[in-house]
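Asks: I am attaching a structure below and will ask some questions about it afterwards.
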Amino acid sequence: MTHLSKETREWLAKTGFTVRDEAMWRAALTHGSTGDAANYERLEWLGDRVLGLSVSEWLFQTDDAPEGLLAQRLNALVSRDTCACTARDIGVPEHMRLGKQARDDGAHDSDNVLGDVMEALLGANFLDAGFDATRDLIRLLWQEALEGRRGRSKHPKSALQEWAAGNRRKPPVYELLERSGPDHSASFTVRVSVLNVGEVEATGNSKQQAETAAAKAFMERYG
């Protein structure tokens, strides 16, 4: 089967993607843990380049900062964290195809996996709709991050990432400080820090929950 489900195709269209080659879009949402030969890896490589060029063009047109500051802001805007936050905002986790073990391990909320899938979707859109359409879509999906505005209903990690980029700060760094308790009732403590701003610690029942709680607390204190 190489077709998309009706729900996934409708979601892609509603988000603004141009879907022609369904097999390619299915691959863009497929993690290697499924065992499928067609997965997101090659499309992610392509999408990373499309995203970088699109954001570089936007920065060149709208920001008169010197090259060094432009490079710093570019790195924040195309980082794995920002891509993962954008993926969460548009609902990527509900449509990814994961193997059982990867899903059980929390891959549906992994910054690495979500970031890769987000870039793969951009690569697929580039192939199906061309650069101009994909650049315009990136400007739409990355609008709040690009303009440095904090979205009120954003995922806390998205809000923090966008706040850092908009204020020309280095991306937030998450550090796992402690894991305690049995597997069925584990507790994780995470510290999030932004260079020259501050740091906050928080605890959750998973590493992802702790990171989210830390990002929320950081924005409440410093945002």
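Asks: Given the conditions (1) among the aromatic types (Phe, Trp, Tyr); (2) open to solvent by 30 Å² or more (accessible area, probe 1.4 Å); (3) in contact with an Asp or Glu (Cβ under 8 Å, 6 or more places away or on another chain), which single one is not true for Trp58?
Replies: Here Trp58 meets the rest and fails (3).
Asks: Just for strands (runs of 3 or more DSSP E) wholly inside region 166-223: which have at least 1 residues that are out of contact with any Leu (no Cβ under 6 Å at 6 or more places or on another chain), open to solvent by less than 50 Å² (accessible area, probe 1.4 Å) and at positive phi? Walk me through it before giving the result.
Replies: On the way: elements: 173-180, 187-194, 198-204.
Filter on region 166-223 gives 198-204.
Asks: Shifting gears a bit: Could you count how many residues in region 101-144 are acidic (Asp, Glu), in a helix (DSSP H, G or I) and under 27 Å from Tyr174 (Cβ atoms)? Working first, answer last.
Replies: From region 101-144, those acidic (Asp, Glu) are 104-105, 109, 111, 116, 119, 128, 132, 136, 144; that's our starting set.
If we keep only those that are in a helix (DSSP H, G or I) as well, we get 104, 109, 111, 116, 119, 128, 132, 136, 144.
Remaining after also requiring under 27 Å from Tyr174 (Cβ atoms): 104, 109, 111, 116, 119, 144.
Within region 101-144, residues that are acidic (Asp, Glu), in a helix (DSSP H, G or I) and under 27 Å from Tyr174 (Cβ atoms) number 6.
Asks: Tell me yes or no: at least one residue of region 65-73 is of a type in the set (S, T, N, Q) and more than 15 Å from Arg139 (Cα to Cα). Explain how you work it out, then say what you get.
Replies: Within region 65-73, the first condition is being of a type in the set (S, T, N, Q), and the residues that meet it are 72.
Now drop any that are not more than 15 Å from Arg139 (Cα to Cα), which leaves 72.
Yes - at least one qualifying residue is present in region 65-73.
Asks: Would a scan of region 40-59 turn up a residue that is hydrophobic (A, V, I, L, M, F, W, C) and not in a helix (DSSP H, G or I)?
Replies: Initially, region 40-59 is screened for residues hydrophobic (A, V, I, L, M, F, W, C), giving 43, 45-46, 50-51, 53, 55, 58-59.
From the residues that got through so far, the ones that are not in a helix (DSSP H, G or I) too are none.
There is no residue in region 40-59 that is hydrophobic (A, V, I, L, M, F, W, C) and not in a helix (DSSP H, G or I).
The values are calculated or read from the model by the stated rules, or taken from the named source; none is laboratory data. It should be emphasised that the depicted structure is a prediction, and the values quoted were computed from it without experimental measurement. Every residue, glycine as well, gets a Cβ built from its backbone with ideal geometry; the counts of neighbours run over all protein chains shown. Side chains included, ligands, DNA and RNA excluded: accessible areas come from the protein's heavy atoms. Shrake-Rupley method; radii C 1.70, N 1.55, O 1.52, S 1.80 Å.
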